[in-house]
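Novice: For reference, the structure I am asking about is given below.
Nothing in this text is a laboratory measurement; each read-out follows from the coordinates by a stated rule. Computed from a predicted model, the values in this text were never measured in an experiment. Please note: Cβ atoms are built from the backbone with ideal geometry, for glycine as well, and neighbour counts cover all protein chains shown.
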Amino acid sequence: MSRNILITGGAGFIGSHVVRHFLRNRPDYTILNLDLLTYAGNLENLKDVENQANYFFEKGDIGDAQKVKEILEKYQIDGIIHLAAESHVDRSISDPLVFVRTNLLGTANLLQCVKAYWKNDFKGKRFYHISTDEVYGSLEMDGSLFTEKTPYDPRSPYSASKAGSDHLVRAFYHTYGMPCVISNCSNNYGPNHFPEKLIPLIIHNILQQKPLPVYGAGANVRDWLYVTDHARAIELIFHEGVDGETYNIGGHNEITNLQLVEKICDLMDVKLRRPQGTNKALITFVKDRAGHDLRYAIDASKIETELGWRPEYTLDQGLELTIDWYLQNENWLQHVTSGAYQSYYETQYKTD
């Protein structure tokens, strides 16, 4: 069955992989990418698919009701995959209101516009909201895991804004019967990741032989999910998930930040033919982030048992692929760090 899918935030890191995954695996679908192209939105992420006949891009804000209404009607949208969000914790600490406007108010506007457009005729429709494991708060070093039943306990303005948006989606499901699903994922990594995040930042700084900043003692633990594994999970949940349900998506790759940085250092010593230990010497411990959550870890047994999804990549495999991609795409990295990528829309899309 052909479908018309709106993917919000499709020029971002995860969003671009989801757009590409759907275009590759669902050629009968029309995919509309709505992205405001803030600093982390990069259309160069999608150069390889931008000319496909079933792919369309619209620049716009999910908080702009008129724009959202126009898009829903123009493309006759029957499915939403909502990824658009401000996502960097450090930025939320310095400017929390930006996160409230996009993640909370933007999601509320999108839900309201979609409800009005579908006119309570929800047959064959779906609103899928992608969230984060950070809404659950912080775990101790006791082997416990976040499940779909873990009470929300957000600790940063970012995670609080995402928690609020999760609650709004559930409210539209319970109040109006809108067919909604939610997933909460662990830390993503892979190609096209904006280099303010840990893994691409470390890769970039190693290439430039700059200090490798590690918060505190580097003891904070995260579970890492390779981005194409996440894209597969999103496609599966969109088609096979049960309305009103939440699915946790994790990579089974718990590791401390320091261990992760050291692993990248060792891999890149080999790939760059540097003497062993060269890159580790660049590690620099910096003042810890305010309210830095100790540990995140996902129990992904629900999606594995009920929908049959499993991650394909171990952390070692995913890091190899990620590092190789950055080494082979230094132009992309240079465009991002210099800001040159921000002119791509003007040169390729804007005609007025």
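Novice: By per-residue mean of other Cβ atoms within 10 Å, what is the highest-first order of 194-205, 334-345, 225-236?
Specialist: 225-236, 194-205, 334-345
Novice: Place a +1 charge on the Cβ of each Lys and Arg in the stretch 1-141 and a -1 charge on the Cβ of each Asp and Glu, then give the dipole magnitude about the Cα centre in debye, rounded to the nearest 20.
Specialist: Result for the stretch 1-141 is approximately 620 debye, rounded to the nearest 20.
Novice: With r as the distance between the Cβ atoms of Thr337 and Val270 and R0 = 35 Å, compute the FRET efficiency 1/(1 + (r/R0)^6) and round to 0.05.
Specialist: For Val270 and Thr337, the calculated efficiency is 0.90.
Novice: Based on Cβ point charges of +1 for Lys and Arg and -1 for Asp and Glu, what charge dipole magnitude is obtained for the chain about its Cα centre, in debye rounded to the nearest 20?
Specialist: Dipole magnitude for the chain comes out near 420 debye.
Novice: Further question on the same structure: Bins of 10 Å, beginning at zero and ending with the bin holding the largest distance: percent of Cα pairs per bin for the stretch 131-193, please.
Specialist: Spelled out bin by bin, the stretch 131-193 gives 20, 44, 29, 7, 0 percent.
Novice: Determine the gain in length on full extension of the stretch Glu330-Gln317; use 0.36 nm per residue of separation and subtract their C-alpha separation, reporting nm with one decimal.
Specialist: Gain on extension, Glu330 to Gln317, equals 2.6 nm.
Novice: With 27 Å as the limit, write out which pairs from Lys47/Lys197; Lys47/Lys123; Lys69/Lys302; Lys59/Lys287; Lys59/Lys125 have Cα-Cα distances beyond it, or answer none.
Specialist: Violating the 27 Å Cα-Cα cut-off are Lys47/Lys123; Lys69/Lys302; Lys59/Lys287.
Novice: Where does the chain land at 222 nm, in deg cm²/dmol rounded to the nearest 500, when only DSSP H runs of n ≥ 4 count, each adding -39500 (n - 2.57), divided by all residues?
Specialist: Calculated mean residue ellipticity at 222 nm is -12000 deg cm²/dmol.
Novice: Could you rank the peptides 91-101, 252-262, 160-170, 114-124 by their average count of other C-beta atoms within 10 Å per residue, with the highest value first?
Specialist: Order by mean packing, descending: 160-170, 252-262, 91-101, 114-124.
Novice: Could you size up the charge dipole of the stretch 199-352 around its Cα centre, putting +1 on the beta carbon of Lys and Arg and -1 on that of Asp and Glu, and report it in debye to the nearest 20?
Specialist: Using Cβ point charges on Lys, Arg, Asp and Glu, the stretch 199-352 gives about 880 debye.
Novice: Turning to a different aspect of this structure: Can you give me the C-alpha center-to-center distance between the stretch 254-275 and the stretch 149-179, rounded to a whole angstrom?
Specialist: 37
Novice: Straight-line reach only, C-alpha to C-alpha below 20 angstrom: list the aspartates and glutamates that Lys271 could link to, leaving out same-chain residues fewer than 8 apart.
Specialist: Within reach: Glu262, Asp316, Glu320, Asp324, Glu330.
Novice: Rounded, prolate or oblate: which fits the stretch 274-352, taking a ≥ b ≥ c as square roots of the Cα gyration tensor eigenvalues, rounded meaning a/c under 1.5, else prolate when a/b beats b/c?
Specialist: The shape class here is oblate.
Novice: In square nanometres, what is one fourth of the surface area of the convex hull spanned by the alpha carbons of the chain?
Specialist: 17.1
Novice: For the stretch 32-127, what is the Kirkwood hydrodynamic radius in Å, using each pair of distinct C-alpha atoms?
Specialist: 14.6
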